[in-house]
Amino acid sequence: MRNDALTPDLLISAYAQGAFPMGMEDGRIAWFSPDPRAILPLDAFHASKTLMQTVRSGRFELRVNGAFRRVMEACADRREGTWISDQILDVYCELHEYGLAHSVEAYRDNELVGGLYGVALRGAFFGESMFHRQRDASKVALVGLVHLMRRQGFALLDVQFQTPHLKRFGTIEITREAYLDRLEQALQLECSLVPEDEG
């Protein structure tokens, strides 16, 4: 697949089939559909007492879609390297303009200090990446995302790969076949992460 073939329509089609892209060091775009696949069941989401105290304290202000490109740029700026190439950045920003890619941001003293972004298709949200500049900022953003998804009736939170960080929140690994079954069910729902009267 040629790099110039990466478009919002192709991304939407890929996500609906259980695949997602990553930029490679040589500039290529590679496609992945992991087996097993990591998901975070919304009814099994777990946040520690300490984290929930931080959420309730109001230390961080949460906003949705206030700085989508800045969140992606921050995720791409991590020291350990990144799969978020300039091409990936641009096409996801296009998806954001279409109302399909979203960011949840944590601010402190009006400064962006953490957040996450992903793609929402009907009843599924595909989490892509997160960052933090202050302790617990990205975790608070994740709590905010789960709250939104529950409120809006979403069925699937895809986190792609299991990590020790995500496992603490209740993520599990399932087979690709089981994931595709859950995805098919989620895509039958009619959901919106941000209601029109709040968008």
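Considering the options A19, S33, A74, tell which one lies farthest towards the positive end of the dipole of the chain, charges being +1 on Lys and Arg and -1 on Asp and Glu at the Cβ, about the Cα centre.
A74
If you filter region 107-153 for trypsin sites (Lys or Arg not before Pro), then keep DSSP loop positions with at most 16 other Cβ within 10 Å, what is left? Walk me through the intermediate numbers first.
Working: sites: R108, R122, R133, R135, K139, R150, R151; in loops: R122, R133, R135.
Those that pass, being in a loop and sparsely packed, are R133, R135.
Note down the magnitude of the dipole of the chain about its Cα centre, charges +1 on Lys and Arg C-beta and -1 on Asp and Glu C-beta and zero elsewhere, to the nearest 20 debye.
960
Sum up the charges of everything whose Cβ sits under 13 Å from the Cβ of F125, counting Lys and Arg as +1 and Asp and Glu as -1, but leave F125 out. Show your work: numbers first, answer last.
Numbers: positive: R122, R150, R151, R182; negative: E128, D158.
With Lys, Arg at +1 and Asp, Glu at -1, the net is +2.
Please compute the contact order of the chain in relative form: average sequence separation of alpha-carbon pairs under 8 Å and at least six residues apart, divided by the residue count, as a percent.
27
In debye, nearest 20: dipole of region 23-128 around its Cα centre with unit charges on the Cβ of K, R (+) and D, E (-)?
Values: 12 positive and 16 negative charges, 112 e Å.
Magnitude of the dipole: close to 540 debye.
[x] 1.01; [y] 1.21; [z] 0.94: which one is Rg/Rh (Cα atoms, Kirkwood Rh) as calculated from this entry?
[z]
Taking a spot 7 Å from the Cα of I174 along the direction of its beta carbon, which residues of region 124-165 have an amide N less than 15 Å from it?
Residues 124-127, 154-162 fall inside that zone.
Amide H to amide H, which residues 5 or more places from E128 or on other chains are under 5 Å from it, using H placed in the peptide plane?
Y117, G118, V119
State the antiparallel share, in %, of DSSP beta bridges confined to the chain, rounding to the nearest 5.
Just about 90 percent of them are antiparallel.
Please list 3J(HN,Hα) in residue order for region 124-139, calculated via the Karplus relation 6.51 cos²θ - 1.76 cosθ + 1.60 where θ = phi - 60°; whole Hz, with x for glycine and proline.
Whole-Hz 3J(HN,Hα) from phi for region 124-139: 10, 10, 9, x, 9, 7, 9, 8, 8, 10, 10, 3, 6, 4, 5, 5.
Sorted by packing (mean other beta-carbon atoms within 10 Å per residue), highest first, where do 161-170, 140-149, 89-98 land?
Per-residue Cβ counts within 10 Å, averaged per peptide and sorted highest first, yield 140-149, 89-98, 161-170.
Answer with one residue from A137, W83, L180: the one whose Cα lies farthest towards the positive end of the charge dipole of region 34-186, charges on Cβ with Lys, Arg +1 and Asp, Glu -1.
Highest projection toward the positive end goes to A137.
Bear in mind that the values in this text are calculations on the coordinates, not laboratory data. The structure presented is a predicted model; accordingly, all values stated were derived computationally and were not measured. Glycine gets a Cβ as well: all are built from the backbone with ideal geometry, and neighbour counts include every protein chain shown.
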